[in-house]
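Report on the following structure.
The values are calculated or read from the model by the stated rules, or taken from the named source; none is laboratory data. As the structure is a computational prediction, the values presented were derived from the model and not from experiment. With ideal geometry, Cβ positions are generated from the backbone for all residues, glycine too; neighbour counts draw on all protein chains shown. Accessible surface is based on the protein model in full, side chains and every heavy atom, while ligands, DNA and RNA are left aside. Shrake-Rupley method; radii C 1.70, N 1.55, O 1.52, S 1.80 Å.
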Amino acid sequence: MEIVVVGRHTDVADRFRQHVEEKLAKVELLSPYVRRVDVEITHENNPRLSENRERVELTLRAKGPVIRAEAAADDRFGALDLAIDKLNERLRRARDRRKDHRNNKVLAPVDVRPLDEILTEDGEAEEQEPQISTPAALSEPGDSVETTIGDSPVVIRQKLHHADPMTLDDAVYEMEMVGHDFYLFIDKETSRPSVLYKRKGWTFGVIQLDNPCGGAPVTDLT
């Protein structure tokens, strides 16, 4: 298993790199097919965010879907421990899901009503935010770039992902593995760009565009 540690706006000491390798040694017990774990360390210089000034993001790449976990704390050792706990929990859920598929277990219900009906029940939509121009286009999946909008403090991180069409069941699973509240994918049955998102409790919603696409890479602006 390859472990790659990088720092964003910060240096990473050899002592911490060794600590990361020791802490991640047990990952292979939960994910025998793991090939690589990317560890990204980010330091926040804003003194108002001192309690969360160190952020650790873990990205596990194995035979199946990418699994991601991140956490923040006042020191990077604590943030690493929190992120690894989240990663291990998602690896256990992935293992349980494989068992559920063998047992034909039914997954949580997904709300596939039109967006206007969902907004009527959940509340009125918020006022439309000012439009933000799209950052420069990326060419290769995995490329990323950060841009600012004019003189504003808004920073947009743009990353290009390869999008293989998938079922709704797979989209729910992949969203849970990366720990996000939403997931952008191409529906395998309809070829429509779709967004899966969490609702109340253990229910989910889906928003689909009526313009089918051919499975081209998609851009993540989060």
Open item on the list: Can you tell me which residue is modelled with the lowest pLDDT among those in the stretch 18-52 that are farther than 16 Å from residue 81 by Cβ, touching a strand residue (DSSP E or B) at 6+ places or on another chain (Cβ under 6 Å) and open to solvent by 60 Å² or more (accessible area, probe 1.4 Å)?
Closed with: 35
TODO: Name every residue in the stretch 30-48 that is of a type in the set (Asp, Glu) and assigned to a loop (DSSP other than H, G, I, E, B), in order of residue number.
DONE: 44
TODO: For residue 70, state whether it is open to solvent by 40 Å² or more (accessible area, probe 1.4 Å) and within 13 Å of the chain's Cα centre (by Cα).
DONE: yes
TODO: Taking only the stretch 177-206 into account, find how many residues are part of a strand (DSSP E or B) and open to solvent by 60 Å² or more (accessible area, probe 1.4 Å).
DONE: 3
Open item on the list: Checking residue 164 against (1) crowded, with 18+ Cβ neighbours inside 10 Å; (2) within 18 Å of residue 67 (Cα to Cα); (3) at pLDDT 80 or above, only one condition comes out false. Which one?
Closed with: (1)
Task: Extreme residue, farthest from residue 89 (Cα to Cα), among residues of the stretch 1-12 that are over 20 Å from the mean Cα position of the chain (by Cα) and surrounded by 11 or more Cβ atoms within 10 Å (Cβ to Cβ) - done: 10
- [ ] Could you give me the residue pairs with C-beta distances under 7 Å whose first residue belongs to the stretch 11-30 and is of a type outside the set (Val, Ile, Thr), whose second residue is modelled with pLDDT under 90 wherever it lies, and which are 6+ apart or on separate chains?
- [x] 28/1; 28/34; 30/88; 30/91; 30/92; 30/95
- [ ] Tell me, yes or no, whether the stretch 10-29 has at least one residue that is in contact with a Ser or Thr (Cβ under 8 Å, 6 or more places away or on another chain), within 18 Å of residue 73 (Cα to Cα) and either basic (Lys, Arg) or not in a strand (DSSP E or B) (or both).
- [x] yes
Task: Filter result (basic (Lys, Arg) and under 14 Å from residue 70 (Cβ atoms)) within the stretch 1-47 - done: 8
TODO: Scan the stretch 53-63 for residues that are within 12 Å of residue 82 (Cα to Cα) and either of a type in the set (Gly, Ala, Ser) or open to solvent by 40 Å² or more (accessible area, probe 1.4 Å) (or both) and report the count.
DONE: 1
